[in-house]
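S.K.: Could you have a look at this structure, given as structure tokens, before my questions?
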Protein chains: 4
Amino acid sequence: MDMSQPEDSAELRALYQAFRQNHLNPLWTQIGDLMPVHPKPKAVAHVWKWADLYPLAQQSGELVPVGRGGERRAIGLANPGLGGEAYISPTLWCAIQYLGAKETAPEHRHAQNAFRFVVEGEGVWTVVNGDPVRMSRGDFLLTPGWNFHGHHNETDQPMAWIDGLDIPFSYQNDVGFFEYGSDRVTDYATPEFSRGERLWCHPGLRPLSGLENSVSSPIGAYRWDYTDRALTEQLLLEEEGQPATYAQGHAAIRYVNPTTGGDVMPTIRAEFHRLRAGVETATRREVGSTVFQVFEGHGAVVMNGERKTLEKGDIFVIPSWVPWALEAETQFDLFRFSDAPIMERLNFARTLIEDTAA
Amino acid sequence: MDMSQPEDSAELRALYQAFRQNHLNPLWTQIGDLMPVHPKPKAVAHVWKWADLYPLAQQSGELVPVGRGGERRAIGLANPGLGGEAYISPTLWCAIQYLGAKETAPEHRHAQNAFRFVVEGEGVWTVVNGDPVRMSRGDFLLTPGWNFHGHHNETDQPMAWIDGLDIPFSYQNDVGFFEYGSDRVTDYATPEFSRGERLWCHPGLRPLSGLENSVSSPIGAYRWDYTDRALTEQLLLEEEGQPATYAQGHAAIRYVNPTTGGDVMPTIRAEFHRLRAGVETATRREVGSTVFQVFEGHGAVVMNGERKTLEKGDIFVIPSWVPWALEAETQFDLFRFSDAPIMERLNFARTLIEDTAA
Amino acid sequence: MDMSQPEDSAELRALYQAFRQNHLNPLWTQIGDLMPVHPKPKAVAHVWKWADLYPLAQQSGELVPVGRGGERRAIGLANPGLGGEAYISPTLWCAIQYLGAKETAPEHRHAQNAFRFVVEGEGVWTVVNGDPVRMSRGDFLLTPGWNFHGHHNETDQPMAWIDGLDIPFSYQNDVGFFEYGSDRVTDYATPEFSRGERLWCHPGLRPLSGLENSVSSPIGAYRWDYTDRALTEQLLLEEEGQPATYAQGHAAIRYVNPTTGGDVMPTIRAEFHRLRAGVETATRREVGSTVFQVFEGHGAVVMNGERKTLEKGDIFVIPSWVPWALEAETQFDLFRFSDAPIMERLNFARTLIEDTAA
Amino acid sequence: MDMSQPEDSAELRALYQAFRQNHLNPLWTQIGDLMPVHPKPKAVAHVWKWADLYPLAQQSGELVPVGRGGERRAIGLANPGLGGEAYISPTLWCAIQYLGAKETAPEHRHAQNAFRFVVEGEGVWTVVNGDPVRMSRGDFLLTPGWNFHGHHNETDQPMAWIDGLDIPFSYQNDVGFFEYGSDRVTDYATPEFSRGERLWCHPGLRPLSGLENSVSSPIGAYRWDYTDRALTEQLLLEEEGQPATYAQGHAAIRYVNPTTGGDVMPTIRAEFHRLRAGVETATRREVGSTVFQVFEGHGAVVMNGERKTLEKGDIFVIPSWVPWALEAETQFDLFRFSDAPIMERLNFARTLIEDTAA
């Protein structure tokens, strides 16, 4: 028996009634739920199979137009614990977006921060504040808050990719602004490299025209070629006995804003991980939510003790404080994004690495 | 008609059904709600009258025990727009807490950041990580995340005050941790000044034993005496023709962490405002939510064009982007807290000062 | 024999001659001096006795006018190792300044950062950017770079104090700018507290009119009353068994910029230390130079193993990496300033605490 | 006549004599020199011709051994205004270093920060904390403070390059430490890319094994290939009408620490500038001293109104506040280094851009 709860009585009921009438709600009846001993997310660990997602995106391509109003043919992954909302976690949005041959998604801008990651395909350019950015397999592409952006497909083939945004966080906390731009994209050029890349993608070199730090990264596209090379070098260095990898057999990079060395956007962290075949990571718990997409290889994720096998394109979410580990059957490449900058900037970040011995 | 929405058809319904089965939810049917042109909070502007709150707190004192389990006799202000949850806004919690004669609220700690503000009364000490802190009228008192704290009333009189926390934000984003401490407070001493104050409350002087910056302020109590003096000086300087006030006739201070000059806690900003009689502030809109409590004087707040008169103890909330202004009938003293550090650290802050001419 | 030095020869002499003609100078002949194994300052540890300084300042008051051109009746302490230059160390200037009854030192400003510390006397106001600042015993007063300032003595008595500046550093590195202001001070008012103090000297409270961080502290005067109270509280807390002092029996505060919690000016750190009677500090070596002035009490400093007794007003300098310790015969109060911000900001700071056992 | 200077008298002479005896020196006799209206450096603007430097370095190669004791066959450029000291400015050291066929310069480390820039040649590896770093034309190579380093020449040809350090600043301010390492280099491997490059030279990608910011850049070599490409892209973007260059026809990059986006070392800034043929820069004055070396092309520098023609390899120094401008006859490539981080971190930086019309 909880000694601190009041005994039921007519007076108590009258009091509770008066609370309701006056828009009040006592702490003592709900503290256990509101303030748990550790995070107990409503969101659940879940895997979406690319083999399911892609055909549904294709069908949308046939049935759903893309244009002003709907804005994007994007299908949000709805965490089964969150009541049907298109939230992959309380903070993050993840969608598969599909653009048919020769289609254009019109320009708009919003306070929400967005990125795209391309697990397969090519042929679309996203135009960010007038700078056309090619989208190709393995590329990580940024649309930080309040930058105009639209997409167009120059080919005869459709293309799909994933979008990541902070829509749930923005919606929940009432921070969103939105504005329409051009109904077309403002520049249909299809250069191999965007202007942002040409100015900023020279390692350790900063243009003198860009000495002011920017809130988000000025790099519009982080190319697969660089990511792959960075991971390859880490594993080679490890073989040479040098400190380079994140953990034994586990190479990883974080995408960063070159003006600060910090995260690419104020609310979203993005990384790429590569595990050697046979590697099993330690089991971790972290405050905040994380999403992975398998880029290449076979393996599994263990979340809350439950093992799920994974293949190329599969997407999974790890809610706050859920224990998780990865297992690589083959060399295993995964893209990752999370709300870690929110947790770190507000000092809520915590990590627990659990003993891996059974 | 919105050209971008698909035409209804059997195939479309089948697609939508497949979406639901696969835990998917399309953007195009919900973008207008999810990504509004400016923040459209569900939370509403609302005033709670102290004349209503205090008697209900008193009744709770008679009917509801305080102790382990319920932890606190705190009655949360529930924003009428948020479905009965004890959230004054999507990010903030505000409650009236009531401690009867000789009562003790047991020690615990939590990741959530907390403060107290005392609009009237005295006789309670809050013990924060073993440091007893006197609570008196006008004092602003801190319990930053993960500090053990309990309260005890040394007198024959009850005492009430307001608590402010980031409970809704923490709950929504799954960042909370909670731990019980002593069932009593660990130190029943009743010093006039806490150890934190004795070490840190010397203007411009930093102890050499405290050179590492702390995430939250090491000051446990910001005394009314200092606040009142600071505001008085600003108005005197204004009379002497010197720049000192926030706006004409409007003195204001922010409570800060002396190790950094920044906000007292990572998620909560606190300020005190004093308006000369007759002053009307400009109408502002701000991203993020704000709560005021009237400390002294008479006046009014205009929110969304609606004018509400205010008296000592009255509490009101201004949700994100709601236009608001204050009017002072007499000298008008108000305590304010908000989630501004969240908005600023994540780069969502925006302010719009509207034309004040009718 | 140093194997790396070339053998003397006609060709070598010709080469060295060609070096000189072409404004060249080889490293190999001078590396031992230029790049020693640890700092080997030319500046030496030295004590100036107040009993010598004050009478000479008085005589200057009789023989030397104060006014435009000479600007200040300030007598610089010239480190015996630095060839007669008025440099107490390679970075710092320390002077005794003397202002006779009813005299005015005219206004000027300079890029060099300056402060004053008052070991005895009163009656002078320094006017900093138009803000009159009373000078009294124990006060620490700021004139950060590029602020206009002049001094005037309102009484029938002369007054002396010490000035500290970064003149040697500024001169050596060619960073100085200088500009004349009014030939008089711009405000002869004699308020008890300056406007800067009235706006900023409220612990933990920041005016909303002053939310932008400033390079140097906006506080013009750090009053003795606060300093004394802060030190007293530290020693009382220590007696109560609480962590508060810098070391056992050794209370200390740093004067800080309230907008950042950091040093008062970009090049100069200032602190105040109080030792209980009988306390001997550990022996330390630090990169950078430090100056102390005894404020009250009797004791000694041991520098390079040499012990010098100290009395009120005595000033001593500790050059870089010279081992030093303090000994308190009575309660021993010392004001300290140093170039530590230079060392820390440029990452040259190092400290070595030596074993104190003989 | 300066009214503020005292009249000569026997008493005054006695006073001045007493000053000297007591190690004192008055401000009023020297203020004009010590505190000038703007920086009046003793260092002078000067050009060293590569055609003079290189042959003297060659001769040193014949006459002067390299090894422990002398440490380096480095010939410092001695500013003609600085009395023969091997200081190119009050803060900076610049030397030509020469390493003969098969020679090794032994390992040591020092608190002083160092870099090398290669205007021609190849075949030497510098080994920094055990990491062998190839040195080739156009490369900018780092040896931040307190890293062990040695050099070895693997070829049958000598090689020369320039060294830049903060030796004068370190010497003047007594911050230097020095320690011998191996008499040989610790790793004679000759990889094309150092481990630091392999880990860090992937634009916008940060290894997860390197999330802690470092005081100095972890990149040991900034390769010419990247620098050239970055400058080429800036000029191409300019031709396309895009903002990219520093000024019209003037491309420039700053070498940065990828962990922070800031300068490569705490005391030294390094940049590379490319001017289109025919471009003349605005005339600038800056606080702090700067050194340029011509990498390619023909042109001139105008310093203090005096024009000096420049060719490949020529080195010139611009002391503090000296007005300067560059003129490009051909495409004109220049490496630049300066003490700007010192000036900025200590808030002494100022720039004046003068009207360029005659």
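S.K.: Nothing charged except the Cβ atoms of Lys and Arg (+1) and of Asp and Glu (-1): what's the magnitude of the dipole of chain A about its Cα centre? Round to the nearest 20 debye.
M.R.: Taking the Cα centre of chain A as origin, the dipole is about 420 debye.
S.K.: Inside 10 Å of the C-beta atoms of C:221-234, what's the mean count of C-beta atoms belonging to other chains?
M.R.: Averaged over the peptide's residues, the number is 4.
S.K.: Can you tell me the order of C:199-205, D:309-315 when each peptide is scored by its average per-residue count of other Cβ atoms within 10 angstrom, highest first?
M.R.: Ranked by mean Cβ neighbours within 10 Å, highest first: C:199-205, D:309-315.
S.K.: Remind me, relative contact order of chain A in percent, using alpha carbon pairs under 8 angstrom and six or more residues apart?
M.R.: 15 percent.
S.K.: Okay, moving on. Suppose every Lys and Arg Cβ carries +1 and every Asp and Glu Cβ carries -1, with no other charges. What dipole size does the protein assembly as shown come out with about its Cα centre, to the nearest 20 debye?
M.R.: Charge dipole of the protein assembly as shown: 0 debye, to the nearest 20.
S.K.: For residue A:311, which inter-copy label distances result when the label point lies 7 Å beyond Cα on the Cα-to-Cβ vector, reported in nm to one decimal and in ascending order?
M.R.: 6.9, 7.2, 9.3
S.K.: Arrange the peptides D:264-275, C:48-59 so that the one whose residues have, on average, the most other Cβ atoms within 10 Å appears first.
M.R.: Top of the packing list down: D:264-275, C:48-59.
S.K.: I've got another one for you. Run the label-point distances for residue B:215 please: 7 Å along Cα to Cβ, every other copy, nanometres, shortest first.
M.R.: Label-point separations across copies, in nm and ascending: 2.4, 2.7, 3.4.
S.K.: How many angstrom lie between the Cα centre of the stretch D:75-119 and the Cα centre of the stretch C:141-195?
M.R.: Taking the Cα centre of the stretch C:141-195 as reference, the centre of the stretch D:75-119 is 41 Å away.
S.K.: I've got another one for you. Stokes-Einstein at 37 °C, 0.692 mPa s, Kirkwood radius from Cα pairs: D for chain A in µm² s⁻¹?
M.R.: So the translational diffusion coefficient is about 149 µm²/s.
S.K.: Can you name the residue in chain D whose Cβ lies closest to the D-to-B rotation axis, and give that gap in whole Å?
M.R.: Nearest residue, distance rounded to whole Å: D:213, 8.
S.K.: Same structure, new question: For C:245-257, what's the mean count of beta carbons from other chains sitting within 10 Å of each residue's beta carbon?
M.R.: Taking all residues of C:245-257 together, the mean is 4.
S.K.: What is the stretch A:223-353's relative contact order, in percent, from Cα pairs under 8 angstrom and six or more apart in sequence?
M.R.: Taking the mean separation of contacting Cα pairs over the length of the stretch A:223-353, I get 27 percent.
S.K.: Right, next: Based solely on its DSSP helices, what 222 nm [θ] is calculated for the protein assembly as shown when runs of n ≥ 4 H residues each add -39,500 (n - 2.57) and the sum is averaged over all residues, nearest 500 deg cm²/dmol?
M.R.: -5000 deg cm²/dmol
S.K.: So if I place +1 on the C-beta of Lys and Arg and -1 on the C-beta of Asp and Glu, and nothing else carries charge, what would the dipole magnitude of the stretch B:46-210 be about its Cα centre? I want it in debye, nearest 20.
M.R.: With Lys and Arg at +1 and Asp and Glu at -1, about 240 debye.
S.K.: How do B:295-304, A:65-74 rank on mean C-beta neighbours within 10 Å, highest first?
M.R.: Per-residue mean Cβ counts within 10 Å order the peptides as A:65-74, B:295-304.
S.K.: Taking the simple approach of a point 7 Å from Cα along Cα-to-Cβ for both residue A:276 and residue D:215, what is their distance in nm?
M.R.: My value for the distance between the label points is 3.5 nm.
S.K.: Taking N as the number of residues in the stretch C:223-353, what is its alpha-carbon radius of gyration divided by 2.2 N^0.38 Å?
M.R.: Taking the Cα Rg and dividing by 2.2 N^0.38 Å, one obtains 1.03.
S.K.: OK, next. Expressed as a rounded percentage, what relative contact order does the stretch D:46-210 have, with Cα pairs under 8 Å and six or more residues apart?
M.R.: 25 percent
S.K.: Moving on. So how far apart, in nm, are the two label points at residue C:225 and residue B:51 if each is 7 Å from Cα heading toward Cβ?
M.R.: 4.2 nm
S.K.: Between copies, how close do the residue A:157 label points come, placed 7 Å along Cα→Cβ, listed in nm from shortest?
M.R.: From this label point to the equivalent ones elsewhere in the assembly: 4.8, 8.0, 9.3 nm.
S.K.: Report the calculated FRET efficiency for residue B:352 and residue C:353 (r = Cβ-Cβ distance, R0 = 41 Å), to the nearest 0.05.
M.R.: E between residue B:352 and residue C:353, to the nearest 0.05, is 0.15.
S.K.: Please compute the Kirkwood hydrodynamic radius over the stretch A:46-210, one decimal place, Å, based on all pairs of different Cα atoms.
M.R.: Roughly 16.5 Å, rounded to one decimal.
S.K.: Show which lysines lie in cross-link reach of residue B:49 when reach means a straight Cα distance below 22 angstrom and same-chain residues fewer than eight apart are skipped.
M.R.: B:308, B:312
S.K.: So, one more: Size of the stretch A:302-358 along its principal axes in angstrom, Cα-based, largest extent first?
M.R.: Largest first, the stretch A:302-358 extends 37, 30, 17 Å along its Cα principal axes.
S.K.: What trypsin sites (Lys or Arg not before Pro) does the stretch C:108-156 have in DSSP loop regions with at most 15 other beta carbons within 10 Å?
M.R.: Passing both the DSSP loop test and the Cβ count: C:137.
S.K.: With Rg and the Kirkwood Rh both taken from Cα atoms, where does Rg over Rh land for the protein assembly as shown?
M.R.: Ratio value, two decimals: 0.98.
S.K.: Another question, if that's okay. Per-residue mean of other chain beta-carbon atoms within 10 angstrom of the beta-carbon, peptide D:43-50?
M.R.: 1
S.K.: Can you give me the distance in nm between label points at residue B:58 and residue B:11, each placed 7 Å from the Cα along the Cα-to-Cβ direction?
M.R.: 7.1 nm
Rule-based calculations on the coordinates, nothing more; no lab input. Just so it is clear, the structure is predicted and the values come from calculations on it, not from any experiment. Please note: Cβ atoms are built from the backbone with ideal geometry, for glycine as well, and neighbour counts cover all protein chains shown.
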